[in-house]
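The values are calculated or read from the model by the stated rules, or taken from the named source; none is laboratory data. Predicted model only: the values in this text are computed from it and were never measured. Quick reminder, even Gly has a Cβ in these numbers, built from the backbone with ideal geometry, and neighbours come from all protein chains shown. These area figures cover heavy atoms from the full protein model, side chains too; ligands, DNA and RNA do not enter into them. Shrake-Rupley method; radii C 1.70, N 1.55, O 1.52, S 1.80 Å.
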2 protein chains.
Amino acid sequence: MSAIDHLLHANEQYAATFPGPRPLRPKLRLAVISCMDSRLDLFGALGLDIGDAHLMRNAGGLPTDDILRSLALSQRALGTREVVLIHHTQCGMQDFDDETFREKLAAESGETPPWDVPGFHDLHATMRASLARVRGCGWIPHRDDVRGFIFDIATARLEEVT
Amino acid sequence: MSAIDHLLHANEQYAATFPGPRPLRPKLRLAVISCMDSRLDLFGALGLDIGDAHLMRNAGGLPTDDILRSLALSQRALGTREVVLIHHTQCGMQDFDDETFREKLAAESGETPPWDVPGFHDLHATMRASLARVRGCGWIPHRDDVRGFIFDIATARLEEVT
């Protein structure tokens with residue numbers, strides 16, 4: 001059985017007890033930006049319920065243009081107000097050489113990747129830069145409640161970065 | 001209490017019974033691309049456990065350049081092989097006028113957004129275009145197992161799009 005078939009079987013069980021639809025606009029008026037990492041179960045780790053918050057996730061949990069697009073839409077069209085950024089220990093983007101990666105992709109595919117998202121070294125410095133990018137972004141109307149945390153993969157605890 | 005304080009309280013309880021670290025590389029060798037929508041609890045809906053799969057999420061669940069960057073890194077650096085794309089009913093990107101949105105952001109902020117991610121109309125046609133984009137992307141080495149589903153917000157059931 002492939003991984004995907006495994007998911008479809010689990011989905012049947014989930015749907016059987018699903019409580020039904022919730023509103024489009026997130027109840028907590030919150031957006032969470034985090035890494036795609038498989039060890040981040042945001043519903044569990046943050047006590048979220050269905051319908052509570054928008055979740056944006058990419059490699060690194062970095063506020064790229066696509067994440068800022070999503071956040072602008074989240075606040076302007078769907079009513080969110082607070083923002084949480086989460087980076088985490090043992091991240092695949094830590095000490096990742098994006099330049100070599102892009103060169104390899106360009107050489108293999110014949111198409112140069114348009115992104116430039118460098119790997120990072122210091123998690124706290126990276127979070128401060130991520131917070132600054134969101135707080136300085138004119139596309140995002142609500143920037144008073146933007147907070148950043150580092151999730152510890154070993155303990156699941158959140159450390160706030162200020 | 002702000003929404004964020006609510007999350008921090010829940011996190012303390014989560015951490016108290018957290019089972020401990022898992023490996024960096026996803027156990028199911030799977031990446032899931034979906035919308036940021038608050039009603040998509042992917043761990044629940046797909047029966048995922050901590051450490052199983054990478055989750056990439058943006059507004060619409062569309063395979064933008066940033067999502068393809070994340071997927072390339074997921075497969076090349078972290079060993080995933082299968083890909084699931086999930087769009088859903090009642091999506092905020094359905095019938096969304098991205099052009100007017102970008103013009104408004106540019107007028108208010110003085111900075112023109114670099115993205116061009118149109119809203120969509122027909123969910124099935126959009127999923128077929130999303131599948132084609134991933135399957136045609138030379139940066140992604142493993143494209144044999146790329147499947148697309150529409151999640152029904154009312155019933156939680158997945159419908160495969162082929």
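Worth pointing out:
- In chain B, helical runs assigned H by DSSP with n ≥ 4 each contribute -39500 (n - 2.57); averaged across all residues and rounded to the nearest 500, the mean residue ellipticity at 222 nm is -11000 deg cm²/dmol.
- Global geometry of the protein assembly as shown, whether rounded, prolate or oblate, following the gyration tensor of its Cα atoms and the 1.5 cut on a/c: rounded
- Shape class of segment B:8-47 from the Cα gyration tensor (axes a ≥ b ≥ c, square roots of the eigenvalues): oblate, since a/c reaches 1.5 or more and a/b does not exceed b/c.
- Inter-chain neighbour count for B:147-156: the average number of beta-carbon atoms from partner chains within 10 Å of each residue's beta-carbon is 4.
- In this assembly of identical copies, the label point of A:PRO118 (Cα plus 7 Å along Cα-to-Cβ) is separated from its counterparts by 3.7 nm, sorted shortest first.
- Label geometry 7 Å along the beta-carbon vector: B:ASP145 inter-copy distances in nm: 4.2
- To put it simply, the accessible area of segment B:22-161 at a 1.4 Å probe is 46 percent carbon and sulfur.
- Mean partner shielding of peptide B:23-30, defined as the number of other chain Cβ atoms within 10 Å of each residue Cβ, is 4.
- Alpha-carbon centroids, segment A:14-92 and segment B:60-98: separation in whole Å: 14 Å
- B:ILE67 sits among other residues whose Cβ lies under 11 Å from its own Cβ, and their net charge, with Lys and Arg +1 and Asp and Glu -1, is +1.
- Measure of compaction for segment A:22-161 (Cα Rg per 2.2 N^0.38 Å): 1.09
- Pairwise burial A:B, computed as accessible area of each alone minus the pair, summed, 1.4 Å, Å²: 7200 Å²
- Average partner coverage of B:10-20, which counts Cβ from other chains inside 10 Å: 5
- The heavy atoms of A:THR17 present about 110 square angstrom of accessible area, all protein chains included, probe 1.4 Å.
- Dipole of the protein assembly as shown computed with +1 at Lys/Arg Cβ and -1 at Asp/Glu Cβ about the Cα centre; of B:GLN90, A:PHE149, A:LEU8, farthest Cα towards the positive end is A:LEU8.
- Gyration tensor verdict on segment B:45-89 (Cα atoms; rounded if a/c is under 1.5, prolate if a/b is larger than b/c, oblate otherwise): oblate
- For A:PRO19, the distances from its label point to the matching points in the remaining copies are 2.5 nm, ordered from shortest, with each point set 7 Å beyond Cα toward Cβ.
- At most 11 other Cβ within 10 Å, DSSP loop - GluC sites (Glu not before Pro), segment A:103-149: A:GLU111
- Minimum 20 Å² accessible area buried by the other protein chains, segment B:58-85 residues, probe 1.4 Å, relative to alone: B:ASN58, B:ALA59, B:ASP65, B:ASP66, B:ARG69, B:SER70, B:LEU73, B:ARG76, B:GLU82, B:VAL84
- Contact order, relative form, for segment B:1-118: 27 percent (alpha carbon pairs under 8 Å, 6 or more residues apart, mean separation divided by residue count).
- Taking other residues whose beta carbon is less than 9 angstrom from the beta carbon of A:LEU55, and scoring Lys, Arg as +1 and Asp, Glu as -1, yields +1.
- Among beta bridges that DSSP assigns inside the protein assembly as shown, antiparallel share in %, nearest 5: 20 percent
- Within segment B:17-80, the ratio Rg/Rh, alpha carbon atoms throughout and Rh by Kirkwood, equals 0.99.
- Calculated log₁₀ intensity ratio I(q)/I(0) where the Debye formula runs over C-alpha points of segment B:80-139, q = 0.14 Å⁻¹: -0.55
- Heavy-atom accessible area, 1.4 Å probe, ligands and nucleic acids excluded: residues of segment A:96-115 down by at least 20 Å² from chain alone: A:PHE96, A:PHE101, A:LEU105, A:GLU108, A:SER109, A:GLU111, A:PRO114, A:TRP115
- At a probe radius of 1.4 angstrom, the accessible area of segment B:2-70 per residue rounds to 31 square angstrom.
- Neighbour net charge for B:HIS88 - beta-carbon separation under 13 angstrom, K R +1, D E -1: 0
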